[in-house]
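First up is the structure itself, then whatever we jot down about it.
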Amino acid sequence: MNSQNAAIARQRTTPVTDRNQVLAGMPSVSADGKWLTFAGQKNEGQTYDQTRNTIWLVQSSGSGLRPLEPAHEQGRTPEWTPRGDWILFESNRGDPQHRYAVFGMRGSAGAAARLTPYEWGANHPVCSTDGSQIAFSTTHQADGYLTGIAVMNVHGRGCGQE
């Protein structure tokens, strides 16, 4: 075993979620390292279906597990903004054609705001380190639904931040 593999083998992990409670994936760590957000669903014995995910919060210690929204609205691929006060994510909520858009909401809960039109088919959002742009995957209708990457200036709002 080479030294890199040996170093990897010595690493320890600390479970933060319990699969018996919640089926979880796609984690993102807050800027201060105290919180994790992830896409998941309460484990009620069902087969995992990522289209039924909601956005969850848990402290990095494993305590405080809760859905970000009490109504359990659909959401996937959460990402903390650089300041750590907003979470960006993709969702098809509110679109009868089930297209995805980028949404943002405060990490302390509140109402989610849609940041892109559904027509863009936006998903996997990330915020620039200075908070001025959001990059995301897109299947924009104007491009014949070809998949690509887009960048959107957020005009001083800073990735949904006020």
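Side notes on the structure shown:
- Test: residue in region 7-25 that is out of contact with any Gly (no Cβ under 8 Å at 6 or more places or on another chain) and assigned to a strand (DSSP E or B): no
- Residue within region 132-140 that is of a type in the set (Ser, Thr, Tyr) and within 14 Å of the chain's Cα centre (by Cα) present: yes
- Of all residues in region 68-100, those being part of a strand (DSSP E or B) and closer than 20 Å to Gln41 by Cβ number 9.
- Checking the stated criteria, Gln41 turns out to be over 14 Å from Glu90 (Cα atoms) and not charged (D, E, K, R).
- Exactly one residue among Ala142, Ala122, Ala109, Ala101 is under 18 Å from Thr54 (Cα atoms), at pLDDT below 85 and aliphatic (A, V, I, L, M), and that residue is Ala109.
- Tabulated pairs, region 1-29, first in contact (Cβ under 8 Å) with a residue 40 or more places away in the chain, second surrounded by 14 or more Cβ atoms within 10 Å (Cβ to Cβ) and β-branched (Val, Ile, Thr), C-beta under 6 angstrom, 6+ apart or interchain: Val16/Val58; Met26/Thr77; Ser28/Thr37
- Scanning region 99-113 turns up no residue that is in contact with a helix residue (DSSP H, G or I) (Cβ under 9 Å, 6 or more places away or on another chain), free of Cβ contacts under 8 Å to residues at least 40 places away in the same chain and at positive phi.
The values are calculated or read from the model by the stated rules, or taken from the named source; none is laboratory data. Quick caveat: nothing in here was measured; it's all calculated off a predicted structure. Here Cβ is always computed from backbone atoms with ideal geometry, including for glycine, and neighbour counts include all displayed protein chains.
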